[in-house]
Structures are given as C-alpha cells and as structure tokens.
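Read the figures in this text as sums done on the coordinates, not as results from a lab. None of these values were measured; they are calculated from a predicted model. Because the Cβ atoms are built from the backbone with ideal geometry, glycine has one as well, and the counts that use them run over all protein chains shown.
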Amino acid sequence: MARCPYCLSPNPAGSSICHSCGRVVLGTRGMSMRVGAPIPGGELVQRARRGSPPGLNVRRGGKRREKKKRNNIRTMVLVVAIAFLFLFTPAQERISNQLEKWLDSLLDEFGPAREYPVHAAYTAERNVNLFNPHGQSITFSYELPIPSLRTDFGISEFGHELADGSSNPVMTLQEVTNMVVHTDGGQNHVNIPLHEEYLAENDAVILDSTSEAYWPPVGQNSNRCSVDRCVIWQGDIPPGEVITLVVQYDVIGTSFTWWGGERAPDEAPRSSHGFSIDNDNSGTLDDYQRTGRLNTMYDQFGAHQQWYDRDPGPSRNWAIDGTNSVVVELANEIASSLPTQHEDNPYAFSHAAFIKIRDSIVYSQGLAPARSGPACIVDERGDCDEQSNAWMSLLRTRNIPAWYEFGPMTDGQFSGWEPHAWANAIFPFDTDWCDENGIMLEACFIEGEVDVVNNRWLLHTPTTLTEWIETPSNLGDAAYDFYRPLSIGCVNCWTETWETIGEAEISGGTFRVPVRIGE
C-alpha cells in the first residue's frame, strides 16, 4: 500500500485519488508525469515529461452545442448526398470540383481538430510536493525555472535586421508579468524578479521554519542555477512530513504562426511584415552556412546527429539519433517523396517529416526514460517528447537544427494542465526573397515551434507556458540537467500539480487546427 503525500493515509497502488482526503495524487501511482525515482543520496533523476494533447473537437456549450452539432452533421450528410446525385449530370467535372471544395470545408468544420484561443491572460498555480518517508530529516534542493519573455524570435528582443540598418520589432508571444512563491502554511510570499537580478545563497529569503529560496546566476556549483535563470528552493523535511512550494504565475499569451502555407490558420496572428515561410520562399540546406544565427545554430545543434544522452554512465542512450538505420531509412523515404524542386529544401523535408510522424505514430503513455527517436518510430507510438525525439532525429539526418522547448500545457478552456515538451527549428528564407524584402542574409530566417502531437506546425498558442527553450550545450547536457531539477535523498517522494486560478480571459475568439491525414 502506498501513502498519500498529502494526508499520509494508505492509498491502493494505481489509484489517482486518495480515499481519505480526496486529493489527486500525481506521479507513478497517480496521473503519470513520468517522474523518475531519485537515487538515494541526492542524485537528480526526473524522467522525461509527458502531457496528454488537448482533446479533439473540444468546444464550449455543453448540451446546446451537442444538439447544434447533431443538426450540423445531418446537414452535412444531406449536402454530400445531393452533391453525389449531381455527379451523374453532364456537368460532372465542374460539380466534382465543387464537391471537393465542400468536403474540404466540411472536414475543416467537423473533422478531427484542436481548438485554441487567439489571446489569453490567466493565472496558473504550481504545487511542488516533497514527502519524506524516512525516520530522520532529509535535505533537498529544487531548481524552479524563471520563464523568460518569449517572442517570435525565441527570447530575442530584436527581429529581422534590414538592409538599411534598422530592425523589425519582435512580437511578444508570452509574458509572465508576475511570479510569486511561498510554501504551504508559510507566511512569507516572495515576488521573484523576472529580469536580470540575482540573490546569493547567503542572502536567501526564509520561506518557513525549514526552507528558504534564492535566485543565483548560472554556474557549475551546487549553489548556482545549472541551466538558466532559476529560483533554488532548499531546506530540510522532517520525518514523515510533506512540504509544498506554491508558485503562482500571471501570464499574458497570444497565438502566432510562422507558417505562410494555405493550411495555416487565418485567425492566428502572423508577422506584421508578412515574413511567414512556406515552400515557395524557403531556402536550401546550403543556406545554413550563411554567417550569423543560421550558421551558429547549425554548428551547435544541426551538425550533431546524436543528442541528449540519457545515460550518465559509459554507455550511450541518445534521445535524438540521426545515425540510427531505422531513422535514416525513413528519412530517405520522406526525401524521395518530395518534388524534385524541393529535394534540397530543409523546410519541405521538415514539414513532410512532421506529417509522417503525426500520422503514423499513435499517442501513447510514455516510458521512463522516454523513448528515443528511433524507438518511437519502431514502436509506432509515443508521447509528446518521444514524438519530438522522433521528428528531430529525422531532421538531424539532414543536419537541420532543431531543439527542445519545455513547459506545462493546458487545453483550450484552461481546465487542466500536464507537463509537456515540444520542438523548435530554424529555417532559412530563399536568397532572392531576402533581397526582394530588404532583409540582411544573416538575419533572413524564421525560428519557430513545432509540436507534433498537438498538430502545431510552426504555431505558438497561449495554451503552453514556456519555462525554458533549450540553449546550446555539449551534446544536450543542458536538456539532461533541465529534466533533473530535484536533489533529494529519497525515492518516489516528489509530485507536482498545476491548475488555473479563476477564469482565463480569452479574447479574439478561438480557432481550429484540423488534422488531415497526409496534409
């Protein structure tokens, strides 16, 4: 019998609800977050994160919506039936084309899709629960990321550099306007500085009688943030007790598409300068050799076909592996399916790989550690980070730079949260297109998000809260550290929960992103 970390009452293995206090229990005995067991003595072993994608065809409206939907379906069937009757008239070809347009429209409206808000403002609360099952106190240290301002150029404050020496402004996609931490039962609520400001361990803020917090620079020492700006929460947990860190984030977010293709959602904002990418204005693989960020990201990500070793020992366990024969074979198959004019086009290859993984890999419960890209392809199943591993493995066969983005995810109504992982990629624009638009070649690219399991091709939505975008490191060491924020001397004694406080303020309406097999 396991014990509930909230009230310490016995709880049957496999149950996600404590029978005594009624609270949801996360972790390996509740809603799985794939949180691995830390090695006794303090080694960090949080495993790969997972989150169920937002539900298909989620709509507001309850029973009224269901009634309307049934009426719409009956109308759709009637329209299709009438259209087929017309196929037997002399104007068969013209009517067949019209029927195809009707069917496309009906699929977009009623077929499988995910629905996202255009703009949203909300408050999210995170609870980090640590339980000490031992008969003596244990020491812990936990790194809590401080989210950066997220723009359509990653975390950069500058957009495309123009030939006249000016720069286009960036569009802010996510801004955390306030971040407050306190412990459950503690009286000291601490506002965390969101910009470059640091607090040393010697000046740590007392949260309660057993724990404190500070926000140091990044460094290699134990009293430094290992990956990026963070709050270090540390202290002691008395025997048999639970300690909880409560974090509240006030967030403003907007949707944004870097994609200029005909299937891109019209409702999602784009660059005000029209700098969206598609097959017609994208560059070639050779364009990664341009000076500037394209070449930098190629050197730091794309040139390394094996990335993020999950095994700290002498053996290798790459999450992303572009050398694996299964991956190489599938990548060659995808490349051979492209039109001749796109055979050297990294954008066209990456989009085709996205469609292949999206359509052929079944969303499934993840493993600890997460499946590698090759294993996900072989198993034909995987969760968010596993499918991202598969997609990025395909890209690495062509040395196309792609990297991780991490943070929690919610549905379109902000009614539930799950840990999540997705990808970023950088694509060059065509040289002639850059010249025509007055953009300096070294700055002529897009850098956008790709989330395979949620069908977000170069699309950002406010339903993800970006905690960290992977930065260059030695073969993915930074990703290894990010997955392991906790040092504690016990096993299976860490859970996390997320929830929305109050109602999210959604503005600009919502939009649907349909799923069409092969498109």
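Kindly provide the Kirkwood hydrodynamic radius of the stretch 272-330 in Å, to one decimal, from all pairs of distinct alpha carbon atoms.
14.3 Å
Label points 7 Å out from Cα along the Cβ direction at ASP359 and THR284: separation in nm?
Once both label points are built, they end up 2.8 nm from each other.
Applying 1/(1 + (r/R0)^6) with R0 = 22 Å to the Cβ-Cβ distance of HIS134 and ASN202, what FRET efficiency is obtained, to the nearest 0.05?
Calculated value: 0.15.
Under a plain spin-label model, where a point goes 7 Å from the Cα along Cα-to-Cβ, how far apart in nm are ASP164 and GLU267?
Here the modelled spin labels are 3.6 nm apart.
By how many nm would the segment from THR291 to ASP477 lengthen if fully extended, with 0.36 nm per residue of separation less the alpha-carbon distance?
64.4 nm
Please label the shape of the stretch 114-163 as rounded, prolate or oblate, based on the square roots a ≥ b ≥ c of the eigenvalues of the alpha-carbon gyration tensor (a/c under 1.5 means rounded; beyond that, a/b larger than b/c means prolate, else oblate).
It comes out oblate by the Cα gyration axes.
When you count, for each residue, the other Cβ atoms within 10 Å and take the mean per peptide, how do 383-393, 417-427 rank with the highest first?
My ranking of the peptides, most packed first, is 383-393, 417-427.
Tally Lys/Arg at +1 and Asp/Glu at -1 over every other residue whose Cβ is under 12 Å from the Cβ of TYR198; what's the total?
Charge balance near TYR198 sits at -2.
Determine the shape class of the stretch 407-519: with a ≥ b ≥ c the square roots of the Cα gyration tensor eigenvalues, call it rounded for a/c under 1.5, and otherwise prolate if a/b is greater than b/c, oblate otherwise.
Oblate.
So if I average 1/r over every pair of distinct C-alpha atoms in the stretch 253-481 and take the inverse, what Kirkwood radius in Å does that give?
Its Kirkwood hydrodynamic radius stands at 17.8 Å.
What's the FRET efficiency of GLU499 with SER336 using the Cβ-Cβ distance as r and R₀ = 35 Å, to the nearest 0.05?
So, using R0 = 35 Å, E works out to roughly 0.15.
Which order, highest average first, do 445-456, 195-206, 307-318 follow once you tally other Cβ atoms within 10 Å for each residue and take the mean per peptide?
With the highest mean Cβ count within 10 Å placed first, the list reads 445-456, 307-318, 195-206.
Check ILE138: other-chain or 5+ apart residues with amide H under 5 Å from its amide H, H built from backbone geometry?
When sequence neighbours closer than 5 places are left aside, the close amide H contacts are ILE237.
Measure off 7 Å from each Cα along the Cα-to-Cβ vector at GLU519 and ASP432, then give the distance between these two points in nanometres to one decimal.
2.8 nm
State the extension gain, in nm to one decimal, for the chain segment bounded by VAL218 and GLU329, taking 0.36 nm per residue of separation less the distance between their alpha-carbons.
35.9 nm
Would you kindly state how much longer the chain becomes between ASP299 and ASP344 on full extension, computed as 0.36 nm times their sequence separation minus their alpha carbon distance, in nm to one decimal?
Net length gain for the segment: 14.3 nm.
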